[in-house]
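Quick note: the coordinates plus some simple rules give every number you see, no bench work behind them. As the structure is a prediction and not an experimental result, all values here were calculated from the model. Neighbour counts are summed over all protein chains in view; Cβ atoms, including those assigned to glycine, are modelled from backbone coordinates with ideal geometry.
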Amino acid sequence: MNDPQPNNELTVTDLSKSFPTADEPLQVLKNLSLELNGGDSVAIVGPSGSGKSTLLQILGTLDHPDSGQVMIDGVDPFKLDEKKLAAFRNQKIGFVFQDHHLLPQLTVIENVLIPTIADGKPSKDDLQRATELIHSIGLSDRLGHLPSELSGGERERVAIARSLLMNPTLILADEPTGNLDRTTADAVTELLIELQQAQGAILITVTHSDALANAMKRRLELVDGQLVG
Ligand code: ADP
Ligand code: MG
């Protein structure tokens, strides 16, 4: 495992986002600000429709804000051209989704290596790191298995390993335990936090689960387009 990276930082300043509707625009995020450093973990909670997914999309650089700024390790991703942004996102941000988003035709190790494919063929170091990560998620004897041959919890663990492969600054998790039973969810939560802490990444989780939210260092609620502690 790599050393913790104390330089990891996320600064969000006065972020606003609205969506056009038939009458006046729907203002979802309103001057939202947030500052996090490596090792921080935050649960973002709030009722359905409060803007959690919108915020995660913007932090993941998959959608643009109307105004305000996002800085990841001192870089404003929205100032990068499309190609540089894709590379930046691949390096700096790991995504963990509720329904894992593994590719069904690829094996466990191939799925974990997906982030390296953007740069061409995986290097020897990539392979070693993927193997180490798969060891740390307890699936060393399943390297050649397909997602369909794994349980839900095992698939989610593979998704976590994939999100960490590039040693990202930011891990964004949208209901990562949403499809799992309580015991499996607890094990996946513990693993996610353990690996995030070991890498010194910033972890932001959107969840309705109290158990998952309580496992984070901070809980912030999205209320009227802003985060309140
Ligand atoms: P949450 O994830 O907290 O449930 P979302 O971020 O998905 O909330 O949505 C916040 C609000 O913005 C909702 O009212 C939703 O209908 C609206 N919204 C989200 N995406 C779009 C879009 N692409 N176009 C129009 N409205 C949207
Ligand atoms: Mg949502």
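Brief remarks on what is shown
- The set of residues in the range 173-187 that are surrounded by 23 or more Cβ atoms within 10 Å (Cβ to Cβ) and out of contact with any strand residue (DSSP E or B) (no Cβ under 7 Å at 6 or more places or on another chain) contains only Thr177.
- Options Gln105, Gln91: the member that is away from ligand 1 (no atom under 12 Å from the Cβ), over 19 Å from the mean Cα position of the chain (by Cα) and within 30 Å of Glu154 (Cβ to Cβ): Gln105
- Where a residue in the range 48-62 is free of Cβ contacts under 8 Å to residues at least 40 places away in the same chain and hydroxyl-bearing (Ser, Thr, Tyr) and its partner, wherever it lies, is outside any loop (DSSP other than H, G, I, E, B) and within 6 Å of ligand 1 (Cβ to nearest atom), with Cβ under 8 Å and at least six apart: Thr54/Val28
- Residue within the range 72-79 that is within 16 Å of ligand 2 (Cβ to nearest atom), more than 16 Å from the chain's Cα centre (by Cα) and part of a loop (DSSP other than H, G, I, E, B) present: no
- Scanning the range 61-71 for residues that are buried (at least 17 other Cβ atoms within 10 Å of the Cβ) and more than 16 Å from the chain's Cα centre (by Cα), we see that the one that is nearest to Ala118 (Cα to Cα) is Pro65.
- Of all the criteria given as (1) farther than 22 Å from Thr11 by Cβ; (2) buried (at least 21 other Cβ atoms within 10 Å of the Cβ), the one not satisfied by Leu170 is (1).
- Condition met for Ser16 (in contact (Cβ under 8 Å) with a residue 12 or more places away in the chain, within 25 Å of Leu164 (Cβ to Cβ), within 16 Å of ligand 1 (Cβ to nearest atom) and not hydrophobic (A, V, I, L, M, F, W, C)): no
- Remark: Val28 matches the filter, which requires a residue to be touching a residue at least 12 places away in the same chain (Cβ under 8 Å), more than 18 Å from Thr207 (Cβ to Cβ), part of a strand (DSSP E or B) and within 16 Å of ligand 2 (Cβ to nearest atom).
- Among (1) within 16 Å of ligand 2 (Cβ to nearest atom); (2) surrounded by fewer than 18 Cβ atoms within 10 Å (Cβ to Cβ); (3) more than 17 Å from Val223 (Cβ to Cβ), the one test that Ile58 misses: (2)
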